[in-house]
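A short write-up of the structure that comes next.
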Amino acid sequence: MACSLSLALVMMDVTIVNVVLPSVRRSLSASISELQWFVDAYSLVVAGGLMTAGSLADRIGRKRVFLTGIIMFGAGSALCGGAGSMSSLILARAMQGVGGAMLNPVALSIIANVFVEPKERARAIGVWGMTSGAALALGPMVGGFVSEFIGWRAVFWINLPIGLIALLMTIRFVPESRAPVSPPLDPFGQAAIAAAVVALSAALIQGPDVGWGSPLVLALSGFFLVSVVGFVVIETRQLRPMLDFRFFRSLPFSLATVAAVMCFAVFSALLFLNTIYLQDVRGLSPARAGIRLMPFALSVMICAPLAGRLIAARGSRAPFLLASLGLTSGAALLTELSADTPDWLLTIAYAVAGCGFGMCNAPITNAAVSGMPRSRAGVAAAVASTSRQIGAALGVAIAGTVRSGAHVDSGADPAAAFLAATHPVWWLSVGLGIAIGVCGFIATGKRARDSALRVASAFDAHDRPG
């Protein structure tokens, strides 16, 4: 429960701020670029810090890092709520990101080490998946109500009592754990992977606004490639690297990483575009738009714990395939989205897609963490979390391209241009949904399970003292 509460804070913050941007702009007289960095500061810091946080947790203690993350996130939230300028608000959001990077992967590694029995762990991961997905999906609705009826600062103030409860529960109930053989510090490797993830995320986010061939995006892309090459060189020369590339010899782990990118790309594109659609095309207020998205959030809340139970009873293949079916079907229903699409069709599309997303999280997490030795759970969880962050950034980048392309022809009706530009995204999402099912089918086969056992055995033998 402590992990779930903390995760709810982190994941809701990813989507909640998009709805309150107009209120922030009016309150602090912000420019468009300042609003962009208000959103980006959090996601970029989280993306860049996940691997470092997971490695640090394995070394000095997962509970200790988790508690520090709660405190940092709460302090950042308090500073956001009291910010008097955009510069202070952006810095406070970055501080939130530092805390968020400590919470997400460490929560997964705590679950992997506390719940040792596979069925119990699968149920716990189901609850984690429900919390994560529901928090992401509920963000626009909560943000809409808060900005319309209370004020945008309350979005951050409400984090404080929830964070305090999570802090006390963590102190009371979560045991300390760390890797049996402490990995050495790897500052150069950590800096290289952080730089790579930040550069990639920044390029994906800035591309739709400044152009994919702009000097900024090209420079960020080049820096990303240099950082990746540098990270590979650094890690291959370490006796005990932060990220051992033998992880990727495990098919469940590798395919879960790929599936996480695709799943969150579909999710973020769907949520971003439909939030714009409901407000700009259908003319709904932020609060009413949030209510219209409720079928998605409710489906996630129902299907995520169900996925955990299915994993415990039948393994990960069934929820993987159901996730593929839900995401594919939901995107297919939106391929002909128009200004007068019936409400009942939207409800079905959101509900089906929500079921798919709810089913997706648990098998991805279970494959990424369960297929790895417990001694490396922190880094393994961080890789999965980083994949989600990259997928979310990619989905927003795709959605941003649609938004930019919708205004190319100044003589066209903006709503009609926007709707026409969304259709290729929904077809792309259909393809990604099918690909998720293919990854899940391969990741749950005998060959994949055997590869995971070989990797885990090799790490356990290497980590065994003496």
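The values are calculated or read from the model by the stated rules, or taken from the named source; none is laboratory data. Bear in mind that the values here come from a model prediction, so they are computed numbers and not experimental data. Positions of Cβ are backbone-derived with ideal geometry, glycine not excepted, and every protein chain shown enters the neighbour counts. What goes into the accessible areas is simple: the full protein's heavy atoms, side chains included, and nothing from ligands, DNA or RNA. Shrake-Rupley method; radii C 1.70, N 1.55, O 1.52, S 1.80 Å.
A few points about this structure:
- Residue selected from the stretch 382-422 under the condition farther than 20 Å from S268 by Cβ and in a helix (DSSP H, G or I), by the criterion modelled with the lowest pLDDT: P414
- Checked across the stretch 200-223, the condition of being closer than 24 Å to S77 by Cα, at pLDDT 85 or above and either crowded, with 19+ Cβ neighbours inside 10 Å or more than 22 Å from the chain's Cα centre (by Cα) (or both) holds for no residue.
- Of the helices (runs of 4 or more DSSP H) contained entirely in the stretch 272-368, those carrying at least 1 residues that are closer than 25 Å to C439 by Cα fall at 294-314, 317-333.
- The residues of the stretch 224-256 that are over 25 Å from the mean Cα position of the chain (by Cα), of a type in the set (S, T, N, Q) and modelled with pLDDT of 80 or more amount to a single one, T236.
- G290 meets the conditions (1) in contact with a Ser or Thr (Cβ under 8 Å, 6 or more places away or on another chain); (2) buried (at least 21 other Cβ atoms within 10 Å of the Cβ) in every case but one. The failed one is (1).
- Test: residue in the stretch 177-196 that is open to solvent by 80 Å² or more (accessible area, probe 1.4 Å), under 28 Å from S451 (Cα atoms) and outside any loop (DSSP other than H, G, I, E, B): no
- Remark: L284 matches the filter, which requires a residue to be surrounded by fewer than 19 Cβ atoms within 10 Å (Cβ to Cβ), more than 21 Å from S429 (Cα to Cα) and in contact with a helix residue (DSSP H, G or I) (Cβ under 6 Å, 6 or more places away or on another chain).
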